[in-house]
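To keep things clear, I will list the structure first and then write my remarks on it.
Read-outs: derived from the displayed coordinates by stated rules, not from any lab. Quantities reported herein were computed from a predicted structural model and do not represent experimental measurements. Cβ sites come from the backbone with ideal geometry, for glycine too, and all protein chains shown count toward neighbours.
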Amino acid sequence: MSDPVAARVAAIPRTIALVGLMGCGKSHIGRRLGGVLERPFLDSDAEVESAAGRPIRDIFETMGEAAFREGERKVIARLIDGPPCVLATGGGAFVDPATRAALLSRAVCVWLRAELDLLVLRTAGRATRPLLLTGDPRAILGDLMKKRYPLYAEAQVVVDTRNEPSENTLARVLAAIDAWWTNRESEAR
Ligand code: S3P
């Protein structure tokens, strides 16, 4: 690994968990981060889908949101016990107090913070997210921002995402994780 920042982040013995609202880029940035750090990339939504054997939209329709949340909690508890990876969490995962506490104590949580316009743009035209199918996506996302942003703000690392090439976001994510970990280590000394 030639980039010293990436090499330092790769040596952190914790999972890196990406949190934030739908459309903020957790899966896209997470996949690229996993590539750079040479770690497996996992996506809690995909893991819940494979455990249930059906897409999230079906889980919500046939079993209800509570069943989805239960599956999400179990999946993340299992993944956090495994070897360090890069984990993209579903947008509601960090809202659950038990999941949030587990992630904060065992992982490095990175909130990809985004403006409403960007979230609306990035989620448009996809029918895979059940919460956005029940009304006007802009109004729903705006409401979720009010409720969830104070919780996402508990993440150890916060990175603003913009409509920009993902290399730029990725570089800021790496730099912010490196700065947080280096500072934490020096305080522990
Ligand atoms: C949800 C976000 C989705 C998925 C589910 C519920 C939420 O994940 O877990 O549709 O509550 O915000 P993404 O954030 O990956 O879209």
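With a ≥ b ≥ c the root eigenvalues of the C-alpha gyration tensor of segment 1-68, is it rounded (a/c under 1.5), prolate (a/b larger than b/c) or oblate?
Values: a/c = 3.23, a/b = 2.73, b/c = 1.18.
Because a/c hits 1.5 or more and a/b exceeds b/c, segment 1-68 counts as prolate.
Got a sec to turn the phi values of segment 131-137 into Karplus ³J(HN,Hα) couplings, 6.51 cos²θ - 1.76 cosθ + 1.60 with θ = phi - 60°, whole Hz, x for Gly and Pro?
Along segment 131-137, the couplings run 5, 8, 9, 9, x, 6, x Hz.
If each residue's Cβ is checked for other Cβ atoms within 10 Å, how do Lys26, Lys146 rank with the fewest at the top? Working shown, then result.
On the way: Lys26 29, Lys146 8.
Listed from fewest to most nearby Cβ atoms, that is Lys146, Lys26.
Within 14 Å, Cβ to Cβ, of Leu37, how many net charges do the neighbouring residues add up to if Lys/Arg are +1 and Asp/Glu are -1? Can you show the working numbers first?
Values: positive: Arg8, Arg14, Arg31, Arg32, Arg39; negative: Asp3, Glu38, Asp178.
After counting each charged neighbour, the total is +2.
Output the 0 to 90 degree angle, nearest 10, between the alpha-carbon long axis of helix 65-80 and the longest principal axis computed from the alpha carbons of the chain.
20
Might you report the magnitude of the Cβ-based charge dipole of segment 79-189 about its Cα centre, with Lys and Arg at +1 and Asp and Glu at -1, to the nearest 20 debye? It would help to have the intermediate numbers written out before the result.
Working: 14 positive and 13 negative charges, 47 e Å.
Computed about the Cα centre, the dipole is about 220 debye.
Take Glu65 and Glu38, extend 7 Å from each Cα along the Cα→Cβ direction, and tell me the distance between the two endpoints in nm.
So the label points at Glu65 and Glu38 sit 4.3 nm apart.
Name the long-range amide H neighbours of Leu87: under 5 Å, sequence gap of 5 or more, or other chain; modelled H, no Pro or chain starts.
Ile16, Ala17, Leu18, Leu42
Which Cα, out of Ala176, Ala114, Pro130, lies furthest along the positive dipole direction of the chain (beta carbon charges, K/R +1, D/E -1)?
About the Cα centre, the residue reaching furthest to the positive side is Ala176.
Can you divide the C-alpha Rg of segment 24-112 by 2.2 N^0.38 Å and report the result to two decimal places? Provide the component values of the computation, followed by the final result.
Details: Rg = 12.8 Å, N = 89, 2.2 N^0.38 = 12.1 Å.
Taking N as the residue count of segment 24-112, the ratio is 1.05.
Can you tell me the dipole magnitude for the chain around its Cα centre, using point charges on the Cβ only (Lys, Arg +1; Asp, Glu -1), in Debye to the nearest 20? List each step's numbers first, then the result.
Numbers: 26 positive and 24 negative charges, 32 e Å.
Charge dipole of the chain: 160 debye, to the nearest 20.
Where in segment 1-42 is the amide nitrogen less than 13 Å from a point lying 7 Å along the Cα-to-Cβ axis of Tyr149?
21
Using θ = phi - 60° and the Karplus curve 6.51 cos²θ - 1.76 cosθ + 1.60, what whole-Hz ³J(HN,Hα) does each residue of segment 88-100 get, with Gly and Pro shown as x?
8, 9, x, x, x, 4, 6, 6, 5, x, 5, 5, 4
When Thr62, Thr89, Thr123, Thr161 are ordered from fewest to most other Cβ atoms inside 10 Å of their Cβ, what list results? Display every interim value, and only then the final one.
On the way: Thr62 10, Thr89 28, Thr123 21, Thr161 25.
In increasing order of surrounding Cβ atoms, one gets Thr62, Thr123, Thr161, Thr89.
Which of Thr62, Leu33, Ile12 sits farthest toward the positive end of the charge dipole of segment 4-160, with +1 on the Cβ of Lys and Arg and -1 on the Cβ of Asp and Glu?
Ile12
Note the angle between two axes, namely the Cα long axis of helix 166-188 and the longest principal axis of the Cα atoms of the chain, as a number of degrees from 0 to 90, rounded to the nearest 10.
Helix 166-188 sits at roughly 60 degrees to that axis.
Could you compute the FRET efficiency for Asn183 and Asp3, with r as their C-beta to C-beta distance and R0 at 22 Å, rounded to 0.05?
Numbers: r = 20 Å, r/R0 = 0.89.
Once rounded, the FRET efficiency stands at 0.65.
Using a simple spin-label model with points 7 Å from Cα along the Cα→Cβ vector, what separation in nm is obtained for Ala51 and Arg78?
0.5
Using only alpha carbons, build the gyration tensor for the chain and give me the equivalent ellipsoid semi-axes, biggest first, whole Å.
Details: eigenvalues 144, 71, 46 Å².
Values for the chain, descending: 27, 19, 15 Å.
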